[in-house]
1. Hey, any hits in region 136-148 for a residue that's more than 26 Å from residue 329 (Cβ to Cβ), not basic (Lys, Arg) and not in a loop (DSSP other than H, G, I, E, B)?
2. Where residues in region 149-173 are in a loop (DSSP other than H, G, I, E, B) and modelled with pLDDT of 75 or more, which of them is nearest to residue 105 (Cα to Cα)?
3. Could you please find all residues in region 39-60 being assigned to a helix (DSSP H, G or I) and β-branched (Val, Ile, Thr)?
4. Would you be able to say whether some residue in region 61-73 is outside the structural domain of residue 296 (by TED's automatic domain parsing), in a loop (DSSP other than H, G, I, E, B), at pLDDT 90 or above and touching an Asp or Glu at 6+ places or on another chain (Cβ under 9 Å)?
5. Any residue that is in contact (Cβ under 8 Å) with a residue 12 or more places away in the chain, closer than 17 Å to residue 95 by Cβ and in contact with a His (Cβ under 7 Å, 6 or more places away or on another chain) - is there at least one of those in region 148-163?
6. Do we find a residue being under 13 Å from the mean Cα position of the chain (by Cα) and at pLDDT below 95 anywhere in region 273-280?
7. Name the single residue, out of those in region 92-103 being part of a loop (DSSP other than H, G, I, E, B) and among the aliphatic types (A, V, I, L, M), that is modelled with the highest pLDDT.
8. Taking region 145-173 as the search range and keeping residues that are farther than 30 Å from residue 28 by Cα and not small (Gly, Ala, Ser), which one is surrounded by the fewest Cβ atoms within 10 Å (Cβ to Cβ)?
Amino acid sequence: MTTTEVRVLAAGSALPGPPVDNAALADRFRMDASWQQWVDVFIGTRSRHLAVDLASGEVRSSLAELAASAATRALDNAGVAPGEVDVMVLGTATPDRLMPATVNTVADLLGIDGIPTYQLQSGCTGAVAALDIGRQLLLTGEHRTALVLGGDVCAKHFDPDIDLKSLSPAELVNVVLFGDGAGAAVLTTEPVDGAPVLRRVLNRLVGLGRAPGQVVDWYGQARRASDGPALSEDYKAIEELVPVMAVEVLEELLTSLGWQDTDVDYLLPPQLSGTMTARIVKDLGLPAAEEVTCVVEIANIGNAAPFVQLERTLPELAPGDRAVGIAIESSKWIKAGFALERD
């Protein structure tokens, strides 16, 4: 038996600790006012939440703990018990460990067992990939309720004692660009009144012949003495390519659904940085869409961002409203997006 519609019942999110604004970040790393001004203007992000306390080095939250909190919130919002979940999918670039898979630790924290679980390794499009896999599994008719999750804990890469003045721009940008968090959404094949239909999900690799825009390395025992940075970013390539790819995603989604740009009521744009997101929104040029952005106050939280946006959007959707979400992954270049419609 197969079904033709998958609906998004609810979403939830979780952020660790209190917000850390740019002034606090500058003070912690002993940077002057000009550096803080550079963050304010060039990055355009005011604050972020971190899973590591920068003053003490204490780890506040693991990704699994954040994801379990986000999932609990999403399930509560959906009125679904953990025991009713038929399948789980997690997208992340920063799992807690290589093994056990973080998705299985989350399931354990939620008291879920005896179901298929999947973990996807990806940057900012991992959340959309999780939606895609969850949707496809539900469309087979073998499952009724999917819990899809996304999140990242980037603070694990922070060295609180590092001299930021010694870093190259490719390394420095990562100190201010990212925050930590997790999100979740509950999908169903049930015809629940008021729950929007997930009309389309796009998830496509477009990195053939393109150099990575971001590299996050993992050093085992054999490479612990490596002199190379664990994390670096080609921000100029990202500035050049991400807006173009975002427009391509929008055009493909609209064309495949037969929608016009004036049909989109809510836009969930890529949450790269405050400055870049503003530029992307302008390039997308949706005249009637309300922008749903969280990056300015909570920074780039990777795979958690689309779920934070969904959590804010779903309660606002009126009958007939349409929403489009877009995400771009720069490590090996993936363009992704999804479209929702409340009938």
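The values are calculated or read from the model by the stated rules, or taken from the named source; none is laboratory data. Since we're looking at a predicted model, the values are computed, not measured. We place every Cβ from the backbone using ideal geometry, glycine too, and count neighbours over all the protein chains shown.
1. yes
2. The extreme case among them is 153.
3. The answer is 39, 41, 43.
4. So far as region 61-73 goes, yes, one or more of its residues are outside the structural domain of residue 296 (by TED's automatic domain parsing), in a loop (DSSP other than H, G, I, E, B), at pLDDT 90 or above and touching an Asp or Glu at 6+ places or on another chain (Cβ under 9 Å).
5. The answer is no, given that none of the residues of region 148-163 is in contact (Cβ under 8 Å) with a residue 12 or more places away in the chain, closer than 17 Å to residue 95 by Cβ and in contact with a His (Cβ under 7 Å, 6 or more places away or on another chain).
6. There is at least one residue in region 273-280 that is under 13 Å from the mean Cα position of the chain (by Cα) and at pLDDT below 95.
7. Looking at residues that are part of a loop (DSSP other than H, G, I, E, B) and among the aliphatic types (A, V, I, L, M), I get 101.
8. If we take residues in region 145-173 being farther than 30 Å from residue 28 by Cα and not small (Gly, Ala, Ser), then 145 is surrounded by the fewest Cβ atoms within 10 Å (Cβ to Cβ).
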